[in-house]
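Undergrad: Below are the structure tokens for one structure; questions will follow.
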Amino acid sequence: MCGIVGYTGPSQAAPILLEGLAKLEYRGYDSAGLAVRDGSALAEVVKATGKLAHLADKTDQGRALPGTCGIGHTRWATHGDPSMVNAHPHVSGNCSGSGSGTVESDVVGVHNGIIENFAELKDKLLRHGYQFYSDTDTEVVVKLVDYYYNKYRIGPVDAINRMMVRVRGSYALALMFKDYPGEIYAARKDSPLIIGVADDAAYLASDVPAILKHTRSVYYIGNQQAARVCPGQVTFYDLNGDEIQLPQTEITWDAEAAEKGGYEHFMLKEIHEQPAAVRDTLKSLLKDGALSLADTGLTDETLQGLGQIEIVACGSAWHVGMAAQYVIEDLAGVPVRVELASEYRYRNAPVPKNTLMVVISQSGETADSLAALRVARERGLETLAVVNVIGSTIAREADHVLYTVAGPEIAVATTKAYSAQLIALDALAVRLAAVRGAISEEEVQRLTDELAAIPDKISRILEDKDRIQWFSSKIANAHDIFFIGRGLDYAISLEGSLKMKEISYIHSEAYAAGELKHGTISLIENNTLVVGVLTQPKLFEKTVSNMAECKARGAYLMGLTTHGNYAVEDSVDFTVYVPKTDEHFVPSLAVIPLQLLGYYTSVNRGLDVDKPRNLAKSVTVE
Ligand code: G6P
């Protein structure tokens with residue numbers, strides 16, 4: 001949500017800023033803006049609603065904006081509608097209109113996050129003569145910095161620090177001060193922000209892809225820390241204004257990993273990267289052929305002594321938790337609770353001692369998941385983060401980290417990160433079962449071999465994607481789709497349904513098949529598509545019966561099952577088979593056709609597959 005970029009150096013800033021913003025488009029946005037200055041006291045502010053291309057057109061791809069220092073922003077509306085006036089950058093000076101054009105303002109800034117006490121701060125600033133042109137909390141925070149800057153006649157870092165003490169909420173901020181040409185000041189709390197220095201230039205961004213072309217060495221600013229960014233140099237400060245040293249992190253993946261590489265969409269590319277994502281994640285958890293959690297720092301004693309596991313996550317990561325609960329409980333015999341992070345954080349659920357809290361998050365920045373992690377830590381729970389982005393906030397704050405190795409994921413609808421999380425949780429389940437003696441050594445070896453075979457099986461499914469493409473063209477005009485299954489098949493249905501609705505905008509729901517008769521079946525009409533997930537041997541017949549009940553009411557049926565269950569063709573209209581594997585691990589295979597179904601349906605409907613409306617890749621606000 002919201003993307004921030006900044007540049008200061010010898011080159012013209014605006015084209016570099018636009019290029020960086022384009023790499024952050026995946027985060028989701030509805031307007032964009034730039035502020036650039038050429039060393040004078042004036043800043044040139046340009047904003048546009050809608051796609052980034054509008055901003056690029058307005059500025060002749062940035063060429064029309066002179067200046068070698070600037071900041072840019074893509075906005076995902078929180079406070080105030082997606083309009084020119086609310087688009088960033090925002091300025092501290094009193095001005096009419098939308099705060100754009102040539103402005104002489106002490107402070108100009110862009111922001112990602114939410115300032116919770118903005119109304120109270122706005123009142124205070126109004127009393128001190130400030131006027132507001134927008135509805136945003138960002139304008140308030142920019143003016144608050146200006147207020148301290150002018151009232152106490154202090155430097156930018158001190159003014160920022162006073163602001164940080166006063167505001168509640170989350171922020172990544174990039175600010176330019178009129179009196180400090182060629183410099184950008186940054187501050188952050190709970191929203192991502194990185195800084196890279198290369199030769200005689202410096203870059204700021206919400207995420208690595210925006211600056212990877214220029215540098216691989218990045219700094220992650222800590223919570224309530226500030227930075228002064230100058231050409232070729234960056235200095236960090238703590239809340240007292242004292243200079244601090246931060247380590248540099250080397251980004252190991254290359255720029256091509258964040259490019260489409262010949263695929264029509266990032267989502268399709270990422271679907272095809274799943275064999276590698278799963279293989280690499282598994283490889284990172286294998287030591288001499290045996291599963292090991294040693295790199296996470298979780299000891300065998302901790303695993304042996306666990307009384308309960310709580311899995312907390314949002315979106316697809318929560319679906320991974322839903323699948324993992326069946327696997328962990330069945331293999332290791334440890335009770336598992338799966339919670340939505342947004343609910344967990346406000347609930348006062350009693351937690352038994354010896355509970356391990358597992359937070360699953362691709363980005364490591366999801367606001368609710370981060371808040372839930374903090375709640376768990378306050379309650380004294382040991383915490384494990386399963387995270388894809390190295391150095392992200394959740395990874396840094398958890399006691400233990402298990403990194404998935406999916407590489408950068410750009411499409412809003414997750415695919416390869418989901419699969420990497422799933423295999424990581426499966427590996428955790430097997431290791432847990434092994435350490436607790438819940439399964440024999442032979443069984444551990446058999447399951448480990450099954451896990452190792454998953455990547456090739458995913459590749460085989462992908463080779464047969466044309467069938468799904470054909471089927472999706474038949475269903476592209478559907479109004480409602482229901483995904484049903486029991487047990488692990490229900491967990492897969494949840495993800496299949498989400499993939500469908502988020503990118504095709506077709507209403508879809510996932511139901512535990514046994515619940516259909518408690519309400520949902522009344523929605524079945526002639527030709528309503530019902531997708532039955534039928535991979536669990538013990539539950540196969542039960543779900544087939546539920547599908548027959550839908551068929552009797554006019555439904556059109558798709559069955560998704562494993563090779564060998566060919567009798568299903570007698571009951572359904574269209575069947576998709578995935579290779580056989582141990583029943584615990586089928587979700588890793590069964591999800592692939594459902595991802596493809598969502599993808600091709602979105603393509604067939606002519607939609608923006610990678611950037612669906614209203615959604616953001618990384619949800620950094622509540
Ligand atoms: C957004 C993304 C989903 C993701 C969810 C949780 O909604 O579009 O793909 O599952 O956030 O994100 P996280 O980064 O915490 O896994």
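Undergrad: Report yes if some residue within region 39-53 is within 21 Å of residue 213 (Cα to Cα), among the charged types (D, E, K, R) and open to solvent by 30 Å² or more (accessible area, probe 1.4 Å); otherwise report no.
TA: No, that holds for no residue.
Undergrad: Could you please give the count of residues in region 324-358 that are at pLDDT 95 or above and aromatic (Phe, Trp, Tyr)?
TA: 1
Undergrad: Among the residues in region 558-581, are any within 16 Å of the ligand (Cβ to nearest atom) and closer than 16 Å to residue 482 by Cβ?
TA: No.
Undergrad: Just checking, how many residues over region 495-536 are closer than 23 Å to residue 611 by Cβ, buried (at least 22 other Cβ atoms within 10 Å of the Cβ) and hydrophobic (A, V, I, L, M, F, W, C)?
TA: Residues that pass the stated criteria total 3.
Undergrad: Does residue 67 satisfy being open to solvent by less than 50 Å² (accessible area, probe 1.4 Å) and within 21 Å of residue 213 (Cβ to Cβ)?
TA: Yes; evaluated as a whole, the condition is true for this residue.
Here's the yes/no breakdown for (1) surrounded by 21 or more Cβ atoms within 10 Å (Cβ to Cβ); (2) over 15 Å from residue 284 (Cα atoms); (3) within 15 Å of the ligand (Cβ to nearest atom):
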| position | (1), (2), (3) |
| --- | --- |
| 372 | yes, yes, yes |
| 397 | no, yes, yes |
| 413 | yes, yes, yes |
| 442 | no, yes, no |
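Results for (1) touching a strand residue (DSSP E or B) at 6+ places or on another chain (Cβ under 9 Å); (2) touching a residue at least 12 places away in the same chain (Cβ under 8 Å), shown as yes or no for each residue.
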site	(1), (2)
83	yes, yes
94	no, yes
98	yes, yes
123	no, no
128	no, yes
135	no, yes
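Undergrad: Can you tell me which of (1) among the hydrophobic types (A, V, I, L, M, F, W, C); (2) more than 14 Å from the ligand (Cβ to nearest atom); (3) in a helix (DSSP H, G or I) is the one residue 424 doesn't meet?
TA: In the conditions (1) among the hydrophobic types (A, V, I, L, M, F, W, C); (2) more than 14 Å from the ligand (Cβ to nearest atom); (3) in a helix (DSSP H, G or I), residue 424 misses (2) alone.
Undergrad: Do the conditions hold for residue 539, that is, is it open to solvent by 20 Å² or more (accessible area, probe 1.4 Å), in contact with a strand residue (DSSP E or B) (Cβ under 9 Å, 6 or more places away or on another chain) and of a type in the set (A, V, I, L, M)?
TA: Judged against the criteria, residue 539 is a match.
Undergrad: May I ask you to say which residue of 364, 333, 380 is open to solvent by less than 70 Å² (accessible area, probe 1.4 Å) and within 14 Å of the ligand (Cβ to nearest atom)? Spell out how you get there, then give the answer.
TA: Working: 333 fails: within 14 Å of the ligand (Cβ to nearest atom); 380 fails: within 14 Å of the ligand (Cβ to nearest atom).
None of the others qualify; the one that does is 364.
Undergrad: Only one of (1) among the hydroxyl-bearing types (Ser, Thr, Tyr); (2) surrounded by 15 or more Cβ atoms within 10 Å (Cβ to Cβ); (3) assigned to a strand (DSSP E or B) fails for residue 235. Which number is that?
TA: (2)
Undergrad: Consider residue 346 carefully, then state whether it is in a helix (DSSP H, G or I) and either in contact with a Ser or Thr (Cβ under 9 Å, 6 or more places away or on another chain) or open to solvent by 30 Å² or more (accessible area, probe 1.4 Å) (or both).
TA: Answer is no for this residue.
Undergrad: Tell me, which residue of region 342-361 that is touching a helix residue (DSSP H, G or I) at 6+ places or on another chain (Cβ under 7 Å) and over 25 Å from residue 585 (Cα atoms) is farthest from the ligand (Cβ to nearest atom)?
TA: Per the stated criteria, the residue is 354.
Undergrad: Another question about this same structure. Keeping to region 275-312, report how many residues are farther than 20 Å from residue 430 by Cβ and within 16 Å of the ligand (Cβ to nearest atom).
TA: Going through region 275-312 one residue at a time, the tally reaches 1.
Undergrad: Taking the criterion of being in contact with a Pro (Cβ under 8 Å, 6 or more places away or on another chain) and open to solvent by less than 30 Å² (accessible area, probe 1.4 Å), would at least one residue in region 79-100 satisfy it?
TA: yes
Undergrad: Quick test for you: out of 583, 541, pick the one residue that is under 30 Å from the mean Cα position of the chain (by Cα), closer than 19 Å to residue 514 by Cβ and acidic (Asp, Glu).
TA: Answer to the check: 583.
Undergrad: Which count do you get for residues in region 465-494 that are polar (S, T, N, Q) and open to solvent by 10 Å² or more (accessible area, probe 1.4 Å)?
TA: Within region 465-494, the first condition is being polar (S, T, N, Q), and the residues that meet it are 469, 472-473, 477, 493.
Still in the running and open to solvent by 10 Å² or more (accessible area, probe 1.4 Å): 469, 473, 477.
Adding up the residues that qualify gives 3.
Undergrad: Same structure again: Return only the number of the condition from (1) touching a Phe, Trp or Tyr at 6+ places or on another chain (Cβ under 7 Å); (2) surrounded by fewer than 24 Cβ atoms within 10 Å (Cβ to Cβ); (3) over 24 Å from residue 309 (Cβ atoms) that residue 450 does not satisfy.
TA: Status for residue 450: all satisfied but (3).
The values are calculated or read from the model by the stated rules, or taken from the named source; none is laboratory data. Remember, it's a predicted structure, so these values are computed and weren't measured experimentally. Using ideal geometry, Cβ is built from the backbone for each residue, glycine included, and neighbour counts are taken over all protein chains shown. Accessible surface areas use protein heavy atoms only, side chains included; no ligands, DNA or RNA. Shrake-Rupley method; radii C 1.70, N 1.55, O 1.52, S 1.80 Å.
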